[in-house]
Amino acid sequence: SSAAWPLPFIIFGRAAHTGLMKIMREMKKTAENFLKCGVAGWCLEVMFTAAESLARGDWKLMGRTSLIMFPIYGMGAFLGPIGRLADRWIGDGDISRRDRMVRHGMLYMVLIFLTEYTTGAWLTTRGICPWDYSGRHSNVNGLIRLDFAPLWFGTGLLFENLTKTHVNLTKKSRS
């Protein structure tokens, strides 16, 4: 109820209320980013599988995905914060945009492979894994394909860009 909202303010003061509001904003932003990455991942997968069908000579361009993939792609919302944490940890200050992009792309690629492998292994034990790369070259236990490295590099950077806070240059100022 709306009567309960001042409780933290009354008990702990303005600082606690401000901290709580910041946490709520961050949680909302994380949920929004999770949705963005989940939907973007689904779209990428449908486009990729449609391109594979074309490569097989099927001009219907039927792409497909699974509902199970939404939360897996949604986890892409955490890549940007992990990249920024890595930058602070490395602490090399001013590096070129290109070098930062390569660093982040490589980190994201490894994290996506790790996530794909672990979620795939877990889903496989339950008989519900929507992918199986067995028989494909460069697969690891049928769970990941190493030849997808450039795709995951780019996908990680796409997710980072989708979840960045961008300045709205079209908003008119109130002066």
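The values are calculated or read from the model by the stated rules, or taken from the named source; none is laboratory data. It should be emphasised that the depicted structure is a prediction, and the values quoted were computed from it without experimental measurement. Neighbour counts run over all protein chains shown; Cβ positions are idealised from the backbone, glycine included. Quick note on the areas: whole protein, heavy atoms, side chains included, nothing else; ligands and nucleic acids left out. Shrake-Rupley method; radii C 1.70, N 1.55, O 1.52, S 1.80 Å.
The set of residues in region 1-48 being farther than 16 Å from Gly80 by Cα, at pLDDT 95 or above and open to solvent by less than 50 Å² (accessible area, probe 1.4 Å) consists of Glu45 alone. Every condition in (1) of a type in the set (A, V, I, L, M, F, W, C); (2) farther than 24 Å from Leu35 by Cβ; (3) open to solvent by 60 Å² or more (accessible area, probe 1.4 Å) holds for Ile82 except the one numbered (2). In this structure, Pro71 does not satisfy being open to solvent by less than 80 Å² (accessible area, probe 1.4 Å), modelled with pLDDT under 95 and part of a helix (DSSP H, G or I).
Within region 49-68, the set of residues being in contact with a Ser or Thr (Cβ under 9 Å, 6 or more places away or on another chain) and part of a helix (DSSP H, G or I) comprises Thr49 only. Total residues in region 49-68 satisfying the condition of being surrounded by 12 or more Cβ atoms within 10 Å (Cβ to Cβ) and on the phi > 0 side of the Ramachandran plot: the figure is 1.
The residues on offer are Gly154, Gly120, Gly142, and the sole one that is small (Gly, Ala, Ser), under 24 Å from Cys43 (Cα atoms), open to solvent by less than 90 Å² (accessible area, probe 1.4 Å) and touching a Leu at 6+ places or on another chain (Cβ under 9 Å) is Gly120.
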